[in-house]
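*Asks:* Take a look at this one; I'll ask things after.
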Amino acid sequence: MTLLELQPKLQQAVANGQIGSPVALRVYLKSSRTDADLQSGCITAMGMARELFDSPPARLMVRGDLQRQATVLVTCASGTTLFATLESGTVESSSIQLTLVGNHGIANLESAEWTPAEPSKETPESTRWRQALSESHATGKAVAIS
């Protein structure tokens, strides 16, 4: 499954009041492929967070190399957060784990097999996010997303 295929399940947990207002999203992507595009996976997770939180990403920080393993902390304009860990070539089978934390509960989607989506067409927003990821990776500092 792709991240976008799982997004409706999390949106349903928000819509039916199961978790209250979402405040944090945890995304863990593990790919068996050594050439997995971790940056695109992160950008997809950022888009998912934007939709779930109804708030754009405002700041991010990257730790890792964006090739084999990276951890990314994204703070949205509303103060909600995305914490993503992405790995490439470190496991035998690819998987996704998603946890959406709300102010009343948690929606947890246990391991599902991850199939990276085909890269979508770049938008001005995804281009800004990709630039911010690269800048944070290069400087080792948190970066505001303009």
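*Asks:* Does region 81-106 hold any residues that are β-branched (Val, Ile, Thr), modelled with pLDDT under 95 and surrounded by fewer than 22 Cβ atoms within 10 Å (Cβ to Cβ), and which are they?
*Replies:* Residues satisfying the conditions are Thr90, Val91.
*Asks:* Do we find that Ala49 is modelled with pLDDT of 95 or more and surrounded by 15 or more Cβ atoms within 10 Å (Cβ to Cβ) in this structure?
*Replies:* Judged against the criteria, Ala49 is a match.
*Asks:* Looking at this structure, is Ser55 in contact with a Cys (Cβ under 7 Å, 6 or more places away or on another chain), surrounded by 15 or more Cβ atoms within 10 Å (Cβ to Cβ) and under 21 Å from Glu122 (Cα atoms)?
*Replies:* Considered against the rule, which asks whether it is in contact with a Cys (Cβ under 7 Å, 6 or more places away or on another chain), surrounded by 15 or more Cβ atoms within 10 Å (Cβ to Cβ) and under 21 Å from Glu122 (Cα atoms), Ser55 comes out as yes.
*Asks:* Within region 1-22, can you find the residues that are over 16 Å from Leu86 (Cα atoms) and crowded, with 16+ Cβ neighbours inside 10 Å?
*Replies:* Leu6, Gln7, Leu10, Gln11, Ala13, Val14, Ile19, Pro22
Each row is one residue, and each column tells you yes or no for (1) under 15 Å from Leu3 (Cβ atoms); (2) touching a strand residue (DSSP E or B) at 6+ places or on another chain (Cβ under 7 Å).
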position: Tyr28; (1), (2): yes, yes
position: Asp35; (1), (2): no, no
position: Leu60; (1), (2): no, yes
position: Ala70; (1), (2): no, yes
position: Thr75; (1), (2): no, yes
position: Gly79; (1), (2): no, no
position: Glu92; (1), (2): no, no
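*Asks:* With respect to Ser78, determine if the residue is buried (at least 16 other Cβ atoms within 10 Å of the Cβ), in contact with a Ser or Thr (Cβ under 9 Å, 6 or more places away or on another chain) and among the small types (Gly, Ala, Ser).
*Replies:* No: the conditions fail for Ser78.
The values are calculated or read from the model by the stated rules, or taken from the named source; none is laboratory data. Computed from a predicted model, the values in this text were never measured in an experiment. A quick note on method: Cβ atoms are made from the backbone with ideal geometry, for glycine too, and the neighbour counts reach across all protein chains shown.
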